[in-house]
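Written out below as structure tokens is the structure these notes cover.
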Amino acid sequence: MRIFPAEWAPQQFVQLTWPHADTDWAYMLEEVQECFKNIAREIAKRQQLLIVAPDIENVRRQIASGVNMVNVRLVELPSNDTWARDHGGITIFEDAKPIILDFQFNGWGLKFASDKDNLITERLYRGGHLFGELRNCRNFVFEGGSIESDGEGTLLTTSECLLSPNRNATMTREDIEKYLLDTLGAKQMLWLDHGYLAGDDTDSHIDTLARLCPNNTILYVKCEDESDEHYEALHRMEKQLKTFRTLSGEPYRLIALPMACPAYEDDERIPATYANYLVINGAVLVPTYNTDLDALALSQVQKAFPNHEIIGIDCQALIRQH
């Protein structure tokens, strides 16, 4: 039996790939490293944390104060960027045994260099830092942020991302769905055909728009400002979400997240969203942006995760990388 667990399933550890001077963060490195330190602090309070960086002693100096280092493993490896949810391995279970699927990461459809990031999972495994069996799936381009699982056989994704011509252009929608259902051990795939965030480099990753949650719940971004450029697309997304059904034929409980206040970098809108949270053991780390909407967003996430502690992390720095 093959199972792709939900993000809220018990975790052995979380992987972070640390920002450094050779990434696009160079011009604001201290600011983004402080954000990563805040994330690391909350993770290491509750569970193991694996940090990948080209200079682990530098990272050790950054986080030694305030982070529970007993729960931190530092592994020295080169990287292009910092988005471990996308370039990291995806774990499934076959007959209760962990299998790490190593998909091809190509910089979100050949937008950015990814040669180093694409090797991180294999190098971690060969170095003894990952557990279970490693399965090479690099014939398929796929990012963790492009898929959601409820752990019970349902996947949620977006057609804009998975059907991007610079990912798996030789495959049809039907081909991609069959491959992922088979590979991940799922029974149905729900495709969102609407919704986007201006300035988003991921081609509408599902984790920026709508998230599967416990008890047949979906958290999703809702725009109520008719003058906002996102209004029509997100309104159509909401209508489509209302048509989705669980495997037992029931409608989902929908909980709306507020559309984050517009944010800009060099006069270009950047993709602020409350949906891009991280579930860890016992808590949910939710991006905040120092606006009046933060409190509402945290309270909405709490409705979907009543048994988790909801923690806001100021992520104004992170969205500047689109």
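The values are calculated or read from the model by the stated rules, or taken from the named source; none is laboratory data. Everything quoted here is computed from the prediction, not taken from an experiment. Neighbour counts are summed over all protein chains in view; Cβ atoms, including those assigned to glycine, are modelled from backbone coordinates with ideal geometry. Only protein heavy atoms, including side chains, enter the accessible area calculation; ligands, DNA and RNA are left aside. Shrake-Rupley method; radii C 1.70, N 1.55, O 1.52, S 1.80 Å.
Within 10 Å, count the other beta carbons around each residue, average over each peptide in 168-179, 284-295, 23-34, and list them highest first. Before the final figure, lay out the partial values.
On the way: 168-179: 13.2, 284-295: 17.4, 23-34: 15.0.
Result, highest mean first: 284-295, 23-34, 168-179.
In cubic angstrom, how much convex hull volume per residue do the alpha carbon atoms of the range 134-276 span? Display every interim value, and only then the final one.
On the way: hull volume 17.9 nm³, N = 143.
Considering the Cα atoms of the range 134-276, their hull volume per residue is 125 Å³.
Tell me whether the range 201-270 comes out rounded, prolate or oblate; compute the Cα gyration tensor, take square roots of the eigenvalues as a ≥ b ≥ c, and use a/c under 1.5 as the rounded threshold. Walk me through the numbers on the way to the answer.
Details: a/c = 2.58, a/b = 2.03, b/c = 1.27.
Taking the square roots of the gyration eigenvalues as a ≥ b ≥ c, the range 201-270 is prolate.
Pull out a ≥ b ≥ c, the square roots of the eigenvalues of the alpha-carbon gyration tensor of the range 38-100, then state rounded if a/c is under 1.5, prolate if not and a/b is larger than b/c, and oblate in the remaining case. Write out the running numbers ahead of the final one.
Numbers: a/c = 2.41, a/b = 1.48, b/c = 1.63.
In terms of gyration-tensor shape, oblate.
Over the chain, what is the relative contact order in whole percent, taking alpha-carbon pairs under 8 Å and six or more residues apart? Provide the component values of the computation, followed by the final result.
On the way: 639 pairs, mean separation 51.7, N = 322.
About 16 percent, as a whole number.
Which of Phe36, Phe131, Phe305 ends up with the largest GNM mean-square fluctuation for the chain, with Cα atoms connected below 10 Å?
For the chain, modelled as a Gaussian network with Cα springs under 10 Å, the answer is Phe131.
Under 24 Å between alpha carbons, and skipping anything fewer than 8 positions from Lys37 in its own chain: which lysines qualify?
Here the lysines satisfying the reach criterion relative to Lys37 are Lys45, Lys116.
By its C-alpha gyration tensor, with a ≥ b ≥ c as the square roots of the eigenvalues, how is the range 1-133 shaped: rounded for a/c under 1.5, else prolate for a/b larger than b/c, else oblate? It would help to have the intermediate numbers written out before the result.
Working: a/c = 1.93, a/b = 1.26, b/c = 1.53.
Judged from the Cα gyration tensor, the range 1-133 comes out oblate (a/c at least 1.5, b/c at or above a/b).
Just the number please: accessible area per residue for the range 182-322, 1.4 Å probe, all protein chains included, in Å².
Per-residue accessible area for the range 182-322 comes out at 42 Å².
Evaluate the relative contact order of the range 183-247 (contact order divided by residue number), counting alpha-carbon pairs under 8 angstrom at least 6 apart; express in whole percent. Write out the running numbers ahead of the final one.
Details: 53 pairs, mean separation 22.8, N = 65.
Taking the mean separation of contacting Cα pairs over the length of the range 183-247, I get 35 percent.
Please give the charge dipole size of the range 34-153, origin at the Cα centre, charges +1 on K and R Cβ atoms and -1 on D and E Cβ atoms. Round to the nearest 20 debye. Write out the running numbers ahead of the final one.
Working: 15 positive and 18 negative charges, 100 e Å.
That gives the range 34-153 a dipole magnitude of about 480 debye.
With springs connecting C-alpha atoms under 10 Å apart, model the chain as a Gaussian network and identify which of Gly88, Gly127, Gly144 has the largest mean-square fluctuation.
Of the options given, Gly127 has the highest mean-square fluctuation.
Hey, rough spin-label estimate for Glu268 and Leu110, points 7 angstrom out along Cα→Cβ, what's it come to in nanometres?
Here the answer is 2.0 nm between the modelled labels.
Throw me the Rg/Rh for the chain, computed over C-alpha atoms with Kirkwood Rh, two decimals. Display every interim value, and only then the final one.
On the way: Rg = 18.6 Å, Rh = 20.0 Å.
Taking Rh as the inverse mean 1/r over Cα pairs, Rg/Rh reads 0.93.
Charges only on Cβ, +1 for Lys and Arg, -1 for Asp and Glu: so what's the dipole of the chain about the Cα centre, in debye to the nearest 20? Mind showing how you got there, number by number?
Numbers: 30 positive and 49 negative charges, 264 e Å.
Using Cβ point charges on Lys, Arg, Asp and Glu, the chain gives about 1260 debye.
Within the range 274-293, name every residue whose backbone N is under 16 Å away from a label modeled 7 Å from Cα of Asn307 along the Cβ vector.
279-284
For the peptides 220-231, 98-109, 243-254, what is the packing order when you average, over each peptide's residues, the other Cβ atoms within 10 Å and list the highest mean first? It would help to have the intermediate numbers written out before the result.
Details: 220-231: 14.8, 98-109: 20.5, 243-254: 12.9.
Averaged packing, sorted descending, gives the order 98-109, 220-231, 243-254.
Hey, rough spin-label estimate for Asp292 and Asn71, points 7 angstrom out along Cα→Cβ, what's it come to in nanometres?
3.6 nm
Would you mind checking the pairs Lys178/Lys242; Lys97/Lys242; Lys187/Lys239; Lys222/Lys303; Lys178/Lys239 and listing those with alpha carbons more than 27 angstrom apart? Could you put the intermediate results ahead of the total?
Working: Lys178/Lys242 24 Å; Lys97/Lys242 35 Å; Lys187/Lys239 23 Å; Lys222/Lys303 16 Å; Lys178/Lys239 25 Å.
Cα-Cα > 27 Å for Lys97/Lys242; rest within.
Using Cα-Cα distances under 8 Å and only pairs 6 or more residues apart, what relative contact order does the range 185-322 have, in percent? List each step's numbers first, then the result.
Details: 232 pairs, mean separation 32.9, N = 138.
Computed over the range 185-322, the figure is 24 percent.
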